[in-house]
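Take a look at the structure below.
Where a number appears in this text, it was derived from the coordinates with a stated rule and is not lab data. The structure displayed is predicted, hence computed values, not measured ones. So basically every Cβ, Gly included, is an ideal-geometry build from the backbone, and we count neighbours across all protein chains shown.
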There are 8 protein chains.
Amino acid sequence: MSAIVGVVMGSDSDWPVMSDAVEALAEFDVEVEVDVVSAHRMPQEMIAYGEQAAGRGLRVIIAGAGGAAHLPGMLAAVTPLPVIGVPVPLRHLDGMDSLLSIVQMPSGVPVATVSVGGARNAGLLAARILGAGADDGAAQLREKMGQFQQGLRETAQAKGA
Amino acid sequence: MSAIVGVVMGSDSDWPVMSDAVEALAEFDVEVEVDVVSAHRMPQEMIAYGEQAAGRGLRVIIAGAGGAAHLPGMLAAVTPLPVIGVPVPLRHLDGMDSLLSIVQMPSGVPVATVSVGGARNAGLLAARILGAGADDGAAQLREKMGQFQQGLRETAQAKGA
Amino acid sequence: MSAIVGVVMGSDSDWPVMSDAVEALAEFDVEVEVDVVSAHRMPQEMIAYGEQAAGRGLRVIIAGAGGAAHLPGMLAAVTPLPVIGVPVPLRHLDGMDSLLSIVQMPSGVPVATVSVGGARNAGLLAARILGAGADDGAAQLREKMGQFQQGLRETAQAKGA
Amino acid sequence: MSAIVGVVMGSDSDWPVMSDAVEALAEFDVEVEVDVVSAHRMPQEMIAYGEQAAGRGLRVIIAGAGGAAHLPGMLAAVTPLPVIGVPVPLRHLDGMDSLLSIVQMPSGVPVATVSVGGARNAGLLAARILGAGADDGAAQLREKMGQFQQGLRETAQAKGA
Amino acid sequence: MSAIVGVVMGSDSDWPVMSDAVEALAEFDVEVEVDVVSAHRMPQEMIAYGEQAAGRGLRVIIAGAGGAAHLPGMLAAVTPLPVIGVPVPLRHLDGMDSLLSIVQMPSGVPVATVSVGGARNAGLLAARILGAGADDGAAQLREKMGQFQQGLRETAQAKGA
Amino acid sequence: MSAIVGVVMGSDSDWPVMSDAVEALAEFDVEVEVDVVSAHRMPQEMIAYGEQAAGRGLRVIIAGAGGAAHLPGMLAAVTPLPVIGVPVPLRHLDGMDSLLSIVQMPSGVPVATVSVGGARNAGLLAARILGAGADDGAAQLREKMGQFQQGLRETAQAKGA
Amino acid sequence: MSAIVGVVMGSDSDWPVMSDAVEALAEFDVEVEVDVVSAHRMPQEMIAYGEQAAGRGLRVIIAGAGGAAHLPGMLAAVTPLPVIGVPVPLRHLDGMDSLLSIVQMPSGVPVATVSVGGARNAGLLAARILGAGADDGAAQLREKMGQFQQGLRETAQAKGA
Amino acid sequence: MSAIVGVVMGSDSDWPVMSDAVEALAEFDVEVEVDVVSAHRMPQEMIAYGEQAAGRGLRVIIAGAGGAAHLPGMLAAVTPLPVIGVPVPLRHLDGMDSLLSIVQMPSGVPVATVSVGGARNAGLLAARILGAGADDGAAQLREKMGQFQQGLRETAQAKGA
């Protein structure tokens, strides 16, 4: 089975953050592909990646970037797929620049933004999105998400008294 | 056909912002239901709304709230569906409190956050999510989104020289 | 004697911060119960905790949480008791997200917010609240708080010349 | 019956904000006194106000101030009573200065802070605090707060579909 | 003579801000072309604009955008020309999002950022850049800039005593 | 000769920051007294300190505090002397809370605020203030400040090429 | 009698803010001179103004500026006199840029910063500084400041009950 | 060949940041001179540096400074050359003060601002500016910049799959 979620990042230095997204999707047995696609250093390839994503069978894109983080928004501009943006915190400003650069998209081109450094949640959001479909595979994923949430609950309860 | 996207808001004073989401989904012929569901004033009903959403046939939830905006995150806690959060700006702090209250969710429970006041983008993101499915309806929506993006381009080009 | 202050937190990782509240209340011989009650991972139990708090004899709730910190506000929504919120600082944004998520509550549902990481003050505030009652126990607590403040003064003076 | 809640503000220009606290307490039939007590323009009187508050029968103090808002914290330093702080927004900085000046109190001297401009919630918090007592009057107030919350719920529900 | 400075903006709603850049360059008799080139609505054309800019004879690009403002950075990624970014303030956040999205570019791809709404300064910076050349035209521009600064001084002095 | 500058701080934990003020004044042979005077833990003594400062021969007060930093402003309220405020950075929020709590004083009661952690500059500012007098001692201090500035210049130049 | 306080501003558009400083000093019968002295538009004259200030008999300088507000700090660099900085709020960022540009001075060159738009307090601070001298005129000013503060108190008290 | 880019900084403690600018220009074989020129400690020399820069053959100035960072703006005020400002982050506030002090210049005097700590980009921007000229040297630099960007792309691609 080929990848249905593409996880991309602006730089390989984002990997320690972004690997959480891949791991979360692995827990849901979702096939993932990972790539470095820099909006600023390889803009043409980035555009091509976005334009071809749906045709290659991807159904969700997760894009992480830091600072003036343009990757999620630019991909959202060239694909009809849902794009999830992960603000990667850099050395200064604690990710506030990354967050605003990703979330404050203009009308017409949405990016589904998660928390600063929240790549695990990006993976889980992708699983929810795939589980929102009308087909059987979606229903199975949705059920799996319900079980995952039940697991969260049990772990949290176990930590209580 | 019954609603597949639920648009909820913490207060009816959020409607002037949130109506943009409904309008965007109408452009994509997506069936929508609208409700006031306050996390703080009717918490039990809010929980019930979230718990029953998937079973009632909803596939995406769009939730808008301002200030200490807990509605999107609380709904995400009780549904396996993707939840889109719209930070509604209030009189003070320009929506920064709403944004951080929605986007900074803990690991395990993602909210797909859009820009401050970005309800139109929330609607478009819901359409993208519905278009990410594996079935024919999704493919049609995805194509429609491509046409919509083509329309954005043409309008923008017409404004250029 | 059973607990009259409930100290809850969204995650056991909040304990190093929140333990200060418990310690402060111990100095005032106030009976406390401690629990992990996550708004996002165990929402139904969280709602139940709040709904039952007054009936179980609790008179004040102290709730600590970080990031999109919904626990204090959600508890305040389902109990008539005073709820004290402690913004727990996370790795990014220095607790500003936690602070705004807790303090910016909508009209109708107040949370008594203390400083970022200020769990000791949350405990002292609970003692003040318990000391605001009309009964003898309250009068004793109020006097004890006066002595505590006198102690603060003497310690501070001893540090001066 | 004499006042049991003191509502004070740094300047009479804070009254349009602070009157909401008085109104909220009137809904709960709580006897209130109102005064202008400026930390910076009449510091000795401010100190005296705080020192005498408990002896005069006050059980909660609500203090509103803007900018470098020192009134709530200074009162908390000279009374064992719970002090609720209301950050009043001024012309610049949108109340962020008021909020931080009130909420970031040092260990030992808590202020129960509410949202920027949130005087109504300050009144409701005072009612909750008075309702946390062990006597009958407290129990009545607590029940009244439950009814109030039920009213919030019904109003919110009526706004839904 | 053909244009040597390209002034572009993400939306025609940016024109009231961006027209100041054009006006400033007119004062220096620099030939300018103006266009709407949206990074998000017409990404391929935007890339093409940047790639062709140097070849078409442009020597400086001024790009204005608001919110998650990607236009200046994306153009800088596809041209070797200096790109000046103008953060256009939108309805919320006072241009802070625009500023951070433009100025916080990653290493390798600089954008020369001016103040929020500072399009006039963008024009003047372009004139300074053109005046930094080694040829005669540059020397003339540089001298003109000196005269302009002399004019600023005289106007300011006239306002003094 | 008795002290003419009083250096006070809210807590002895502020000493590592505040000692720079004392050291700077020692370089100008200005007699200094140092004390811990907490606005929140010993408010009556703090008020007394301010009220008596001028009578005791102090001519400038330097006050450092962190978080909800009320010491400089409260002293300014009870003395006609110039009060210099030093925002001491605490563990969270990087001193922004301290800065706003000190600088945003209401009309009528000024505090001369220096940078976050800028105690050395507070000392130098006190020296400038003492040098602004009409007497001979002031003239000498003013000249000394001129020499000090000359020294800064020479040190800086020596670091250049 | 010649002026002993110089009030300068970067632009005549700052006058509506800065006139409050002049008015406050008039209440204390302090002789003032007013000028537009732009750090950026007439830098040489600005430097000359600062260098000559003490020699011309000025004893305090009040400087107001907005945005990247360099005037107060640059004057402080070329005079041994105390310089009071007034952050003038501009159209965007609510004076936060002005405040940080003025208050965050490097070690060695202090600026006595007042609140955003706080020109009246700048005038009062100048009066306090002049009152800190060892001569008779200073003693008179100090006494006058005490009376002024008494007036503030009486006005505030009159507003109370 | 003599230097055509001047790299200056307010303090030698800025060198670890600013050396990146020098290194970047060395990669483009651009002749550079480096100096410590403090706006606040040696203002006259700083003014002289700026006034003489163009006459000495400099064509671009890169200026780095932290906190109330006045160096770039003051140099821009006394030279017709393009000035690039590098916000150097200090111990507190993460460079936000430096950024605003540099970028928010008033109309008439632009500074080309790069990211917090972005000295390498300042060097690259200087190279782009020098490459914007009409002469042969500029054309060569422009081509070199194209090759540099090609190198960025290849390095980034090599990091991808």
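Specify whether the C-alpha gyration tensor of the stretch D:37-86 places it in the rounded, prolate or oblate class, a ≥ b ≥ c being the square roots of the eigenvalues: rounded for a/c under 1.5, otherwise prolate if a/b is larger than b/c and oblate if not. Note, shape of the stretch D:37-86 comes out oblate.
Partners of F:Lys144 within straight-line reach, counting aspartates and glutamates whose Cα lies under 14 Å from its Cα and excluding those fewer than 8 residues away in the same chain: F:Glu27, F:Asp29, F:Asp136.
Within the listed set A:Pro72, A:Pro89, A:Pro16, the residue fluctuating most in the Gaussian network model of chain A (springs between alpha-carbon atoms under 10 angstrom) is A:Pro16. Spatially, the stretch D:98-161 and the stretch C:72-121 are offset by 13 Å when compared through their Cα centroids.
Averaging the sequence gap over all C-alpha pairs within less than 8 Å and six or more residues apart, then dividing by the number of residues, gives chain E a relative contact order of 22 percent.
Put a dot 7 Å past the Cα of G:Glu51, heading toward its Cβ, do the same for E:Asp136, and the two dots end up 3.8 nm apart. Shown is the FRET efficiency for A:Asp12 and B:Gln44, computed with R0 = 60 Å from the Cβ-Cβ distance and rounded to the nearest 0.05: 0.80.
Sequentially through the stretch B:114-130, phi angles give Karplus couplings (6.51, -1.76, 1.60; θ = phi - 60°) of 10, 5, 4, x, x, 5, 4, 5, 4, x, 5, 5, 4, 5, 4, 5, 5 Hz, Gly and Pro residues having no value and appearing as x. Each of B:Leu58, E:Leu152 was scored by other Cβ atoms within 10 Å of its Cβ. Listed from fewest to most, they are E:Leu152, B:Leu58.
Computed from phi, the 3J(HN,Hα) profile of the stretch F:78-93 under the Karplus parametrisation 6.51, -1.76, 1.60 (θ = phi - 60°) reads 10, 9, x, 6, x, 10, 9, x, 10, x, 8, x, 9, 5, 10, 6 Hz, with x in place of Gly and Pro. Hydrodynamic radius of the protein assembly as shown by the Kirkwood approach over all distinct alpha-carbon pairs: 31.5 Å. Under the combined filter of DSSP loop state and at most 13 neighbouring Cβ atoms within 10 Å, the stretch E:25-129 retains these trypsin sites (Lys or Arg not before Pro): E:Arg56, E:Arg91.
The long axis of helix A:15-27 is offset from the longest Cα principal axis of chain A by roughly 40 degrees. Taken along its three principal axes, the alpha carbon spread of the stretch C:65-160 comes to 39, 37, 17 Å, from the longest extent down to the shortest. Comparing B:Asp29, B:Asp20, B:Asp97 in a Gaussian network model of chain B where C-alpha atoms under 10 Å apart are linked, the largest mean-square fluctuation is found at B:Asp29. Taken about its Cα centre, the stretch B:14-135 carries a charge dipole of roughly 300 debye when the Cβ of each Lys and Arg holds +1 and the Cβ of each Asp and Glu holds -1. Quick one: grab the alpha carbon gyration tensor of the stretch A:1-94, order the square roots of its eigenvalues as a ≥ b ≥ c, and give me rounded if a/c is under 1.5, else prolate or oblate depending on whether a/b is larger than b/c. Taking the square roots of the gyration eigenvalues as a ≥ b ≥ c, the stretch A:1-94 is oblate. Helix-only arithmetic for the protein assembly as shown: the sum of -39500 (n - 2.57) across DSSP H runs with n ≥ 4, divided by the residue total, places the mean residue ellipticity at 222 nm at -15000 deg cm²/dmol.
Which angle between 0 and 90 degrees, to the nearest 10, do you get for helix D:136-159 versus the longest principal axis of chain D when only C-alpha atoms count? Approximately 70 degrees, to the nearest ten. For an R0 of 30 angstrom, estimate the FRET efficiency from the Cβ-Cβ distance between E:Thr155 and F:Ala26 and round to the nearest 0.05. Between E:Thr155 and F:Ala26 the formula returns 0.05.
If you build a Gaussian network model of chain F, linking Cα atoms that sit under 10 Å apart, which residue out of F:Gln44, F:Gln150, F:Gln52 swings the most? In this elastic network of chain F, the residue with the biggest mean-square fluctuation among F:Gln44, F:Gln150, F:Gln52 is F:Gln150.
Apply the a/c threshold of 1.5 to the C-alpha gyration tensor of the stretch F:1-46 and tell me whether it is rounded, prolate or oblate. Note, shape of the stretch F:1-46 comes out oblate. Of all residues in chain E, the one whose Cβ lies closest to the rotation axis carrying E onto F, together with that distance in whole Å, is E:Met96, 7. Entry note: chain D has Rg to Rh equal to 0.99, where both radii use alpha-carbon atoms and Rh is the Kirkwood radius.
Charged side chains reduced to their Cβ positions (Lys and Arg at +1, Asp and Glu at -1) give the protein assembly as shown a dipole of some 0 debye around its Cα centre.
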